[in-house]
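Presented below is the structure to which this report refers.
The values are calculated or read from the model by the stated rules, or taken from the named source; none is laboratory data. In this text, all values refer to a predicted model and were calculated from it rather than measured experimentally. In this analysis, Cβ positions are derived from the backbone assuming ideal geometry, glycine residues included, and neighbour counts consider all displayed protein chains.
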Amino acid sequence: MPRKDLQKRKEYAKEYRNRKRAFVNKISSEWNKKNPEKAKKIQKDYRERNREKVRMAQKKWARLNTNKIREYSRKRRNSKFNAKGFHTQGEWELLKRQYGFICQSCNKSEPIIKLTEDHIIPLSKGGTDYIDNIQPLCGSCNCKKHTKIINYGKNL
């Protein structure tokens, strides 16, 4: 088949996919379900051929979605310890504001230090991930506290 015809076919296929995106997605997902091994191989081959492109897309997504990444990491950690509860990033920001952006142990404030979420009763000792079990500590104080049960903060 001449190269010119192949190029025309590729262009037509691209235009068709753009016009019929929903239809093509439905057909593709049905084919993927019927042919899971072939689909995995195609995806793997694509990732290998476009490794740098995929890596850059992942980095871009990560930069734009830092809160989602933190949330996923926290949920994964909570499930590891079978911890109950969950708090949002907004609740954490509000808690830091209520404490004046100050570490409750050493009294240093942001932006000199970076506040971290410390569980008053650690997850490893049966604590929850609700916001009432969280206190803002700098990374250094949080590491020193380790798995001790210490409530440095004022009761809000």
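Of these, 40, 4, 14, 34, which one is modelled with pLDDT under 85, more than 30 Å from residue 136 (Cβ to Cβ) and of a type in the set (Lys, Arg)?
It is 4.
Residues of region 105-156 being within 23 Å of residue 86 (Cβ to Cβ) and of a type in the set (Gly, Ala, Ser), which ones?
Once the filter is applied, which keeps residues that are within 23 Å of residue 86 (Cβ to Cβ) and of a type in the set (Gly, Ala, Ser), region 105-156 yields 124, 126, 127, 139, 153.
Among the candidates 120, 113, single out the residue that is in the same structural domain as residue 136 (by TED's automatic domain parsing), more than 18 Å from residue 151 (Cα to Cα) and aliphatic (A, V, I, L, M).
Answer to the check: 113.
Each row is one residue, and each column tells you yes or no for (1) among the charged types (D, E, K, R); (2) out of contact with any Asp or Glu (no Cβ under 7 Å at 6 or more places or on another chain); (3) loosely packed, with under 10 Cβ neighbours inside 10 Å.
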{"position": "5", "(1), (2), (3)": "yes, yes, yes"}
{"position": "10", "(1), (2), (3)": "yes, yes, no"}
{"position": "15", "(1), (2), (3)": "yes, yes, no"}
{"position": "20", "(1), (2), (3)": "yes, yes, no"}
{"position": "26", "(1), (2), (3)": "yes, yes, no"}
{"position": "31", "(1), (2), (3)": "no, yes, no"}
{"position": "34", "(1), (2), (3)": "yes, yes, yes"}
{"position": "44", "(1), (2), (3)": "yes, yes, no"}
{"position": "47", "(1), (2), (3)": "yes, yes, no"}
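Kindly indicate which of 80, 33 is within 30 Å of residue 125 (Cα to Cα) and touching a helix residue (DSSP H, G or I) at 6+ places or on another chain (Cβ under 9 Å).
Among 80, 33, only 80 is within 30 Å of residue 125 (Cα to Cα) and touching a helix residue (DSSP H, G or I) at 6+ places or on another chain (Cβ under 9 Å).
Within region 94-133, track down each residue that is surrounded by 13 or more Cβ atoms within 10 Å (Cβ to Cβ), among the aliphatic types (A, V, I, L, M) and either in contact (Cβ under 8 Å) with a residue 40 or more places away in the chain or more than 23 Å from residue 77 (Cβ to Cβ) (or both).
95, 102, 123, 131
Within region 47-56, is even one residue closer than 30 Å to residue 140 by Cβ and part of a helix (DSSP H, G or I)?
no
Which is under 24 Å from the mean Cα position of the chain (by Cα), small (Gly, Ala, Ser) and loosely packed, with under 11 Cβ neighbours inside 10 Å, of 90, 85?
Just one listed residue meets the conditions, 90.
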